[in-house]
Structure formats: structure tokens, C-alpha cells
Amino acid sequence: MRKKDFDVVIVGAGPAGLAAGYVLAKAKVNVAIIERGTFPGSKNVMGGIFYRKALDDLMPDFYKEAPLERHIIEQKLWLISEDSVFSTGIRSEKFNKEPYNCFSVFRAKFDKWFAQKVQEAGALIINETVVKDPIVENGKVVGVRTDRPDGDLYCDCVIAADGVNSFLAKSLGLREKITPNKVAIAVKEIIGLPENVINDRFGVSNDSEGVTIEITGPYFEGMETMAFIYTNKNSVSIGVGTIIEDIIEHKVNPNDLIEKFKTHPSIAPLIAGGETKEYLAHMIPEGGYYAVPKLYTDGFMVTGDAAMLVNSVHREGSNLAIESGKLAARTYLEAREKGDFSAKSLSAYQTKMEESFVLKDLKMYRNLPHLLEEKRYLLTKYPQLIIDSMYNIYNVDGVSKPDKIKAIKERLKKDFGYWNLAKDMFTLWRKLG
Amino acid sequence: MHSLVFIKQVPDAAQVRVDYETGTLIREGVPAIINPFDTHAIEAAVQIKDKFGGSVSVLCMGPPMADEALKKALAMGADNVFLLSDRVFAGSDTLATSYALWAGAQKVIQEVGPVDIFWAGKQAIDGDTAQTGPGIATRFDVPLVTYAVEIKEVDPQARKIKIVRLLEGGTETVEVPMPCLITTEETLNHIRFAPLPYLIKAARTPVVLLNSSNTTIDASQCGLKNSPTKVKKAFTPPKRERGEMIEGSLDEIVNTVYAKIEPMLKQLGKV
Amino acid sequence: MIKQDITQYKNVWVFIEHNEGKIERVSLELLSKGAELAKDLGCEVCAFTVGDKVEQFAKEVGEYGAKKFYIIENPVLKEYRTEPWRDAIVYLIDKYKPEVALIGATTLGRDLAGTVATKLSAGLTADTTALDIDPSNKNLLMTRPTFGGNLMATIFCPDNRPQMSTVRPGVFKAVKNPTKPEIIKEKYDITEDKIVKKIIEKVQTGEEKVNLSFYEVIVAGGKGMGKKENLKLLEDLANVLGGTWAVSRKVVQAGWAPQSRQVGQTGQTVHPKIYIAAGISGAVQHVAGMKSSDIIIAINTDPEAPIFEVATYGIVGDCLQVLPKMTEMFKQKLVK
Ligand SMILES: Cc1cc2nc3c(=O)[nH]c(=O)nc-3n(C[C@H](O)[C@H](O)[C@H](O)COP(=O)(O)OP(=O)(O)OC[C@H]3O[C@@H](n4cnc5c(N)ncnc54)[C@H](O)[C@@H]3O)c2cc1C
Ligand SMILES: Cc1cc2nc3c(=O)[nH]c(=O)nc-3n(C[C@H](O)[C@H](O)[C@H](O)COP(=O)(O)OP(=O)(O)OC[C@H]3O[C@@H](n4cnc5c(N)ncnc54)[C@H](O)[C@@H]3O)c2cc1C
Ligand SMILES: Cc1cc2nc3c(=O)[nH]c(=O)nc-3n(C[C@H](O)[C@H](O)[C@H](O)COP(=O)(O)OP(=O)(O)OC[C@H]3O[C@@H](n4cnc5c(N)ncnc54)[C@H](O)[C@@H]3O)c2cc1C
């Protein structure tokens, strides 16, 4: 009999892998997490928004000790054009009360802390080691091959949590090659600013309260783009994510996109005087529900970004990753009871996922990526219309309000045609409903 | 063969920047690494272990986060790692540091056994003094071999070791009895890519914590107060401004450059 | 820390480093600087050394101003070995109690100073580039680069004597100031059988013996030189300018040049009047070793290369063309 080094080998120490490792270690499973970075989070130097719920279920009150930046009390959505902004959003004192909804975090610090907890629970984390291949015997995944000498590890089950480029899922044929219309490239910067300046500019009363702004609109010239600004304690994270296909088509450089974004008249004052401390480009899977592969095969499950689990509309990813890691781990525990790690046994993971918010949420938006791909003007013309209309209504120039409304209607008719407008609205309603 | 390697955790010099306004170094966000010279000391010790058997212990004095450096050392093949961490050591100069490391090493010897070779890096890339290694050797009263570039011969029976060390204008080969202390140059060896079983073992091996209460360290010889040298002030050297770009044809460029440096060449008496 | 009566300590001592019967230049530089310090302190500058036949150095140390010359002679001290030299020197210092002891920050000096200072429980400042006397309390102020030259620190040693420092070669000028030193010869008994370290072999390659810091002009090349043979272009230009050539670490790693030619954090630190950097990207570790040069001329094909951030004059171009052109043109001008 060949040796078995571990019960489970998890590939990747991001939120998905760590969550799976935590659940397994707590259940006294002999588990190793292989991470190619120098430490968990080291490849994730940037900040983001972390949603409490999924992890709180595993580690109650974790937020009281984890290294977090600010809890978010206000979330805004901006539509921007060259010179204007249309703003909506929600600010609530309910968000300002424990246990809080979400936080800004630095993943490098956060993942490292999380990894510490996972280690304390009993999992082994092995850094600076790259998994090269799954080891497959008789059609079953029985381990992984790493880039180290003597680098093969055998186990009952491999959990892939190796992020958006998941080499493992691809090599097992679960995932197709990513096409440029299914991933966005995000360019991010951390801009250092004094705490009190951030508090003033974003209208919060102290350094534990934070704000997020998600931004899209005609400013991005019809490219499917979502930009954002998040407040950290003494910096802001600013970024622009654009579908790669659009980048190729418009022949733009993602770096230029963020540079231009930073000069927008409503963005520039928020970051004025700040110093860029870090810079990163990373991919985000945006294919939505239809891009999610089959989540298991014999001796193998795939979680998190590796399974394309990102809700791009709400910019949620880490919570989906954690939830999926948790469910994969629980599936393993059940399979172990039966001593059966076959695809059939592990298919329970797929079922659990279908029943969880993860796939339900993605399903709700399932047609959106395709729709936006077909009708890019939804991202330009309508937002522009909203911005212009709002501007006209608020601009006191002697024209009567009824005349203004009339002008808007006329433009609607001219630019879109009532029939097309109705059709688009209907489709949107259908696809989102 | 039991080796004891002294390693220091240092900020990655490549990423330290200078704040010219306040005259301080910006260390925020700068990753901490094992002093590059010390990694070669670990590698040398592990290679000797691989060849002759025995074990490699590693001792690091530093803040609690320095346990990461020790984890790395384990992953490179060390067997026992010790972190000497206590407020009383803060601000130690090299005299006090070599005392603390010497005293901490007594504990390692007590736990693991007598040491055949002590190792240190030639120099730490932050403090840059190159004094700690010689200091420790003196306190142990063992022969000191600095700037090692080759371990030529180890004879465990005769308890002798031959080392090639760098001199100002060449090299010399010396033979010393063990125990001895060797400080390492970068060219001593190539760091191997450690096999996976080392990393697995590393992930399972705890860092042993030492402090002034679980060792025999005499606090009155450590720390800022008990260090003979004191830092009066620290400042950043004046920033070099980006200079002038010389453009034109090749001939023009070279002529312009000549014109620019001619006064200096005159001053040097070269023209 | 042991409390000392520091008033017993007097005079500025300079260690005379010697190799094959010749004094290292840095020792003479330190005698000159030591004389200045002694003046501020109202005491004398003295030389000291140990070895086989060292009395012969009395004339030369006198020329550079040493008032006294403390020596120990013993055949077993002929070649430098850390432990016996240390013990002999500790004996001298213990007996005569200098208030300042300066040692050149050479390979030998840094090996020796660390062990001597530990034996004496003395404070030791490393690799100093400036020395001053604090007028208010007569303490020696020693300024030194740390963090690869990114941070300067001024160190002092208020309660212990001697105040020891290793001092970087080439920082101070050796100036003649002839005196006739009084020779004080001590006996230190040590026999070969008591010394455990044996020197098996010494290799002195003429090529490798290079102390870059002695040169006022350095022509340095990096990976952009393309191949080993092209390093000749550096040497050619250096010869015309009466300087020497040096390289970046990548060149050493490629095996094109010996480590002794490397400038930078893990090589030598230099501060010539003119430093020409050809095909060197300007990594921090390299820049740390040369940024205090008076004039830096950078030649690089990449206009974005970081080396231009520290260059006095920047040339965007192919060093394989620029260097020979410089050699050719400078030759005409300098020959006159
Ligand atoms: C710019 C940007 C902003 C985002 N903002 C948010 C946000 O605000 N909120 C949110 O919830 N989500 C956000 N996301 C999404 C979120 O980051 C991801 O969904 C989440 O990190 C997925 O976790 P994961 O564990 O699946 O993968 P990852 O976090 O990508 O972790 C994968 C790990 O696997 C390792 N690895 C990869 N291959 C190998 C291999 N072969 N061998 C060994 N190790 C390997 C990697 O080094 C990495 O550590 C954002 C993403 C981006 C790019
Ligand atoms: C700006 C500044 C200037 C200073 N100048 C001086 C000075 O001139 N004289 C002086 O005596 N002190 C000085 N110090 C204090 C000195 O930096 C510390 O004593 C430090 O702990 C050791 O010196 P180093 O970093 O130069 O190490 P080095 O002596 O260069 O280190 C050589 C080797 O010793 C070992 N080693 C060193 N430190 C440790 C450790 N903490 N744990 C385990 N192994 C270790 C490693 O193997 C290392 O490679 C200075 C400190 C600062 C901040
Ligand atoms: C711990 C540590 C210590 C180090 N210590 C040192 C040190 O002491 N000294 C040191 O030098 N480095 C040191 N380094 C290495 C340093 O980081 C750099 O890797 C190294 O300096 C780069 O050498 P380079 O500039 O020759 O090569 P590269 O970085 O490869 O640069 C080559 C340059 O040549 C240019 N070029 C190419 N062709 C031509 C041409 N035909 N004409 C003109 N220009 C051309 C290129 O544009 C490029 O800028 C250290 C690194 C570490 C991690």
C-alpha cells in the first residue's frame, strides 16, 4: 500500500482553503494546506471588504480580535460621467452596531491572522511550495505533486482552493479555459492619508467607521467596469476592475484606466495629497453562475475563486470562498464516516452549495454577464441618461420643470425609442427577477 | 555534529525607504527576512548535518514576530529553534547582544547538547556592524573564523575543521579545532530548495521561547542601559537629486560629459 | 555593566595594520585623524601594533605624527591570527589605558576589533565615516552608515573606555607630520603550541587584491555589459582615467569577475570622485555602495532605469558604444 501523508490536502491558503482547513482541523482531521506564497496573504497585499457572517458562523466573534480596518457604515453606488456623479446608497446606524455587517481589511494581515488560527486548530500550513499537478490513480485524485524535491503528498481527498487561475480544476478538466469575457482584471492602489483626513472627507466620526463607494457609468466608455474606493484606517483602497475582453477591444492599458479614474473631478479630492503605498493587479472571475464548474470529482472538490465563485454585482468573493470551503470540509467529514471519497459521495458538496446562499445568489444574477456582454450600451447610455436628467432637473435655468421632463422624454424617444426601452427594461427585469 | 546558528531577523533592505522630511526610515509594510548572510550559515550547517549526522539548532534574539525567521530556518532543515525575546534586551549594542546570545546559547546546550560549530552571518544588513559573531566567539572562548567562503574539510574524529576565508587581497585556509565559530560570506554555498519533508517537519516543530526568566541571563548586562555605546542621533544622508540627462549624438554626449567633469579631473591632477 | 574610572584613560591610539612588512594605508589615515582628535582632547596620538618584526615601522608611523609607538614582538605573531593578536593587544590596552582606540575597518580590522572590544567590555562603533569630539564633555562622536547607507547614526560611549571604533578606509587623508616616536616595547609570552588555529595556506592573487576605496575614479559595469569579454572596456576607460574598474553583483554571480570587484551592500562601499555606472540598473543594494560618490555618470539603454535617480549625469545609450568612445576621446584630452 502506498503511504498516506494526510487525510486531506488543501491547495491554497486564501479564505476558501483556510476555512476548509479550520473546519477539518477542528474535527481532528490530519490536514495540510499548501501555499505558494511566503505566508498566507503574502500574494494578497491589498485591502478589500470582508463580510462577517460566513466566518462568524465558524469562529464566533472573530471580529473582536482579527486585524480589521474599519467597519462599514455607509455603502454608496455612484454613476459617473466625465463631469458628473449620480449617487445613491445606504448609510445606517444599524451598520454601526456590533456585530457589524462588513469591514475593510488588508488581506495580507487578515489572511495571516486567519492562518494562525487555523494552525492553532491543528492544521499544517506549508508555505513557499507550489502544487504542480494532481496525482491521479485509476481515475481518482489521490494526492498532489509539488515543486519540491520529495514533493509528492498522498491523501484521501484534495480540496482545491488555489484561486482564480486554478490550475488544479483546469487540469482535471472540471474547468474550461477562462475566456476573456469571464474574468476582469482589477488594478488597485493603496493611498496613504492621515486618519482624520479620511474621517473628514468621507464623513465619518472616527477611525473605526468606514465607507465604501462602488462606481460605474459612462466614464468608462462602455467597458464593463466596476471601480471602487474603500476606507481603511489611514489609507484608502482604490481600484478599477474591467472585463478583459473590453480591455483588449478598447486597446487600453489597465494602468491608464486607474490613472484616469484618479483624476476624475469627484474622485481626485478624495485622495488628494495621498501617497501611493502599494500597487497590485489581480484577476477576478466574473463569469457568474454559468461559469461555475462542476464542483467535485473522485477524491477532489473545488472551492472559492477556483470555482469562479464571485458575485460581481455585489463585489462579494471572500465570503463565498469561506462558505464553499466550509461546505467542502463538511462534505469530507460525512464522506469519511462512510469511508467513501468517490465522486458520488462527494456530490453532496454540490447539493450543499446549491442550497446555500452562494449558488442561490449567483443564480439570481445568472444572465447578467451575458446580457451586459450583448448590450454594452446598458452601461453607458442609461447611466448617462440618468446623470443628464438629474442634472437638468436640479439645474435652475429658467426652464420649467414640466418642460424639462418633456425634454427628457423626447431624448428617451430619440436615443432609444420607447419600444427598445421597454424591451430592455423587460429583459433586465426578467434576467434579474 | 551539533551546529548552533545565530540568525537575526532584519527588514528587507530592498524595500526600506527613507522619509527625507523626518530623517527616518519607513519600515511600515516592509517584510522581515532572515539576514541574507545568515541563510548561508543555516545552509552550511544543514549540509554538514546531512553529511555527518547530528542536528542543527538555531537561536534568534528579537521581537515575538521573529518566530517567522525561525520557521524559515526549520524549513531550511534546522531541527531545534529558539527565540530569545524579552523587553530587557531592547536597545542592546553588540556587546550586550553577544552577551545575551551567549547566555541564551547555554540554554540550547543544556537542552540539545554541546555544540561543535557555532555559526553567524558575516554581518547583519541593518545594524551592519559585523561585531556580533566575533563577540560571541570571544565569550565562548572558541577560535573565530570570519568571512568563510568554503568549508574545505570536516574531520569529526580529530574534531578539526578546515575553512577557506576571505582576506583583503585573496584567501587563506585555516584549520581550527572544534568547537569554533564561523561567520559566513554569501559565496559560501548555494541555498538548496529544501525537500518537502523538511517543510512538513518544520510546520510541526514549535519555536521554543526563551526569556530572561527561563534562562540564566543576567539582565544587568543587557539592554540599552547596559550597553556601552549609545546612539546619540540618527539621520538620513542628504538625498541625491536626479541629475541632468545628456543628449545628442554619441560624439556630442561624450564631449559634453568631458566638459562637465573636466574641472574635477583638473582637481585630481589628471589633466 | 562594570563601572570604570574613566579618568585613568588617556591618549588616542591607532592600530597599525600591516601585511607582508607593509603598513596598510588606512592606519596612516587614522594617525592623521587621530592627531586632530588628540589636539581637541589635549593629549597625544600614539601608534600600536603587534607582530614579528614591527619596530621597523617606527619611522613611518613617526612621519605621520605618532608620538609614541607601543609594540609587542614575537615570532608566533608573524601572521595575523585573531586570538593571539587579540590577547597581545588586550594586554597593551589594559596596561596603558588609551581613551580612544581606532582600527581600520578592513577585513582584518573588523575581525580583530570585535573580539578585542568584547574582551575589554568596551564599546565599539563599526565602520565609522566621521569622527568628532563633543566640545561639552570631550566624548568621541562616531558617525556611521547603517541600513546599507540609508541611515546615518552618531554613536557615543559615555561611561566606558577606551572608546573604540573601526574606521572606513579612504575617508580621512593621510598627511605627513613628522615626529620621532618613542618606542615602548612590551613582552607578551606566547608559544606556538598554545595557539590552536593554524594557517594552512594563503593565496594572494594579484588580480584579486583590490581595495576599491583607494581609487578616485571607478568605472563600474553591470549585467548590461553583455559578456565577460566586454569588461575589458571598463578596464580601458579606467586606465585612461587613472582609476580602477568594478562590477555589480550580477556580474560576479555570472562568473565574469571576482567578488573583490563588487560594489554594493554585500560588496565594497566606495566614494570616489567619479563613478561611472555602465549597464547597471541601480538596485538599492548596488546604490548603497556608491551613492556617496561625488560625480556619478550612468549609462543605460533604459531611460527608466533607477540608476538615473542618483546619477549626476545620465546617458541613455548602449554602454558598449559609449565606453569605447569615452576611452578614445578622453585619451586624447588626458594625454596632454
Ligand atoms: C481587486 C479585487 C478586489 C476584491 N474585493 C473584494 C471585496 O471587497 N470583498 C470580497 O469579499 N471579495 C473581494 N474580492 C474577491 C476575493 O478576493 C476572492 O473572491 C477571494 O480571495 C477568494 O478566495 P480564495 O481562497 O478562493 O482564493 P485566493 O484568495 O485567491 O487564494 C488562493 C491561494 O492559493 C494560492 N495558490 C494558487 N495556486 C497555487 C498552487 N499551485 N500551489 C499552492 N498555492 C497556490 C495562492 O497563493 C493564494 O494564496 C476582490 C478581488 C480582487 C481581485
Ligand atoms: C543605527 C544603529 C547603529 C548602531 N551602531 C552600533 C555600533 O556602532 N556598535 C554597536 O556595538 N552596536 C551598534 N548598534 C546596535 C546593534 O545594531 C545591535 O546590537 C544588534 O543587535 C547587533 O548588531 P548588528 O545588527 O550590527 O549585527 P552584526 O554584528 O552585523 O551581525 C552579525 C551576525 O551576528 C548574528 N546576530 C546579530 N544579531 C543577532 C540577533 N539579534 N539574534 C541572533 N543572531 C544575531 C547573526 O548571525 C548576524 O549575521 C547600532 C544600532 C543602530 C540601530
Ligand atoms: C541581500 C542582497 C545583497 C545584494 N548585494 C548587492 C551588492 O553588493 N552589489 C550589487 O551590485 N548588487 C547586489 N544585490 C543585487 C541587486 O539587487 C541587483 O540584482 C544587482 O545589483 C543588479 O545588477 P545589474 O544592475 O548589473 O543587473 P540588472 O539589474 O540586470 O541590470 C542590467 C542593466 O543594464 C541595462 N543594459 C542592458 N544592456 C545595456 C547596454 N547595452 N548598454 C547600457 N545598458 C544596458 C539594462 O537596462 C539594466 O538596467 C544584492 C541583492 C540582495 C538580495
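The values are calculated or read from the model by the stated rules, or taken from the named source; none is laboratory data. What you see is a predicted model; the values in this text were computed from it and never measured. We place every Cβ from the backbone using ideal geometry, glycine too, and count neighbours over all the protein chains shown. Side chains are part of the model used for accessible areas, which takes the heavy atoms of the whole protein and leaves out ligands, DNA and RNA. Shrake-Rupley method; radii C 1.70, N 1.55, O 1.52, S 1.80 Å.
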Which members of region B:242-270 meet the condition of being in contact with a helix residue (DSSP H, G or I) (Cβ under 9 Å, 6 or more places away or on another chain) and either surrounded by fewer than 17 Cβ atoms within 10 Å (Cβ to Cβ) or small (G, A, S) (or both)? B:R242, B:G243, B:E244, B:M245, B:E247, B:G248, B:L250, B:D251, B:N255, B:E262
Looking only at region A:13-47, filter to residues that are among the small types (G, A, S) and over 11 Å from A:A115 (Cα atoms); which one of those is farthest from ligand 1 (Cβ to nearest atom)? A:A27
The number of residues in region B:143-171 that are more than 16 Å from ligand 3 (Cβ to nearest atom) and within 29 Å of C:R144 (Cα to Cα) is 11
Can you name the residue in region C:148-162 that is surrounded by 24 or more Cβ atoms within 10 Å (Cβ to Cβ) and within 11 Å of ligand 2 (Cβ to nearest atom) and is also nearest to C:T129 (Cα to Cα) among such residues? C:I155
Limited to region C:112-165, what total is found for residues that are assigned to a loop (DSSP other than H, G, I, E, B) and in contact with a strand residue (DSSP E or B) (Cβ under 7 Å, 6 or more places away or on another chain)? 9
Could you list all residues from region B:228-254 that are over 30 Å from B:T94 (Cα atoms), at the interface with chain C (Cβ under 7 Å from one of its Cβ atoms) and of a type outside the set (K, R)? B:G243, B:E244, B:M245, B:I246, B:L250, B:I253, B:V254
Answer with yes or no whether A:P99 is in contact with a Lys or Arg (Cβ under 8 Å, 6 or more places away or on another chain) and buried (at least 22 other Cβ atoms within 10 Å of the Cβ). no
Note: among A:V131, A:V136, A:V144, A:V118, just one is of a type outside the set (D, E, K, R), open to solvent by 50 Å² or more (accessible area, probe 1.4 Å) and at pLDDT 95 or above, namely A:V136
So B:Y20 ticks every box in (1) surrounded by 13 or more Cβ atoms within 10 Å (Cβ to Cβ); (2) within 12 Å of chain C (Cβ to nearest Cβ); (3) modelled with pLDDT under 95 but one. Which box is left unticked? (1)
Enumerate the pairs (first residue in region B:82-96 and at pLDDT below 95; second residue anywhere and in a helix (DSSP H, G or I)) with beta-carbon separation below 7 Å, excluding pairs fewer than 6 apart on the same chain, so at least 6 apart or on different chains. B:V88/B:A219; B:F89/B:A100; B:S92/B:A100
Return yes when B:E175 is without any contact (Cβ under 8 Å) to a residue 40 or more places away in the chain, surrounded by fewer than 19 Cβ atoms within 10 Å (Cβ to Cβ) and over 21 Å from C:L124 (Cα atoms) and no when it is not. no
What tally of residues in region A:416-433 results from selecting those that are loosely packed, with under 12 Cβ neighbours inside 10 Å and part of a helix (DSSP H, G or I)? 7
Within region A:295-316, which residues are open to solvent by 10 Å² or more (accessible area, probe 1.4 Å) and either assigned by TED's automatic domain parsing to the domain that holds A:I191 or at pLDDT 95 or above (or both)? A:Y296, A:T297, A:D298
What number of residues within region A:143-166 satisfy the criterion of being in contact with a Lys or Arg (Cβ under 8 Å, 6 or more places away or on another chain) and more than 14 Å from chain B (Cβ to nearest Cβ)? 2
In region B:255-271, residue farthest from C:T125 (Cα to Cα) [restricted to those that are basic (K, R) and facing chain C (nearest Cβ under 7 Å)]: B:K260
Among the residues of region B:109-130, is there at least one that is open to solvent by 10 Å² or more (accessible area, probe 1.4 Å), away from ligand 3 (no atom under 16 Å from the Cβ) and within 9 Å of chain C (Cβ to nearest Cβ)? yes
Filter region C:259-273 down to residues that are touching a Ser or Thr at 6+ places or on another chain (Cβ under 8 Å) and more than 19 Å from C:T129 (Cα to Cα), then give me how many there are. 2
The residue from C:T107, C:T191, C:T179, C:T143 that alone is on the phi < 0 side of the Ramachandran plot, within 21 Å of the chain's Cα centre (by Cα) and away from ligand 3 (no atom under 16 Å from the Cβ) is C:T143
Restricting attention to region A:153-164, the residues that are crowded, with 24+ Cβ neighbours inside 10 Å and acidic (D, E) number exactly 1
What single numbered condition from (1) in a helix (DSSP H, G or I); (2) open to solvent by 30 Å² or more (accessible area, probe 1.4 Å) fails to hold for B:I33? (1)
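Yes/no per residue for (1) within 16 Å of ligand 2 (Cβ to nearest atom); (2) at pLDDT 95 or above; (3) open to solvent by 20 Å² or more (accessible area, probe 1.4 Å):
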{"residue": "C:I71", "(1), (2), (3)": "no, yes, no"}
{"residue": "C:P84", "(1), (2), (3)": "no, yes, no"}
{"residue": "C:V116", "(1), (2), (3)": "yes, yes, no"}
{"residue": "C:K119", "(1), (2), (3)": "yes, yes, yes"}
{"residue": "C:N139", "(1), (2), (3)": "yes, yes, no"}
Mind checking which strands (runs of 3 or more DSSP E) fall wholly inside region A:1-86 and carry at least 1 residues that are outside the structural domain of A:L320 (by TED's automatic domain parsing) and surrounded by fewer than 23 Cβ atoms within 10 Å (Cβ to Cβ)? A:71-80
Do we have any residue at all in region C:218-235 that's open to solvent by less than 70 Å² (accessible area, probe 1.4 Å), of a type in the set (S, T, N, Q) and part of a loop (DSSP other than H, G, I, E, B)? no
For region B:46-153, which strands (runs of 3 or more DSSP E) that fit wholly inside it have 3 or more residues that are over 15 Å from the mean Cα position of the chain (by Cα) and under 27 Å from B:K225 (Cα atoms)? B:80-84
Could you grab me the full set of residues in region C:304-314 that are of a type outside the set (D, E) and more than 9 Å from ligand 3 (Cβ to nearest atom)? C:F308, C:V310, C:A311, C:T312, C:Y313, C:G314
In region B:172-187, how many are in a strand (DSSP E or B) and either among the acidic types (D, E) or more than 23 Å from B:I125 (Cα to Cα) (or both)? 7
Applying the selection to region B:196-212, what residues are more than 7 Å from every other protein chain (Cβ to nearest Cβ) and touching a residue at least 24 places away in the same chain (Cβ under 8 Å)? B:Y198, B:K201, B:A202, B:T205, B:V207, B:V208, B:L209, B:L210, B:N211, B:S212
Among the listed residues B:E172, B:E186, identify the single one that is of a type outside the set (S, T, N, Q) and within 20 Å of the chain's Cα centre (by Cα). B:E186
Give region B:212-261 a look and list any residue that's in contact with an Asp or Glu (Cβ under 7 Å, 6 or more places away or on another chain) and charged (D, E, K, R), or say none. B:R242
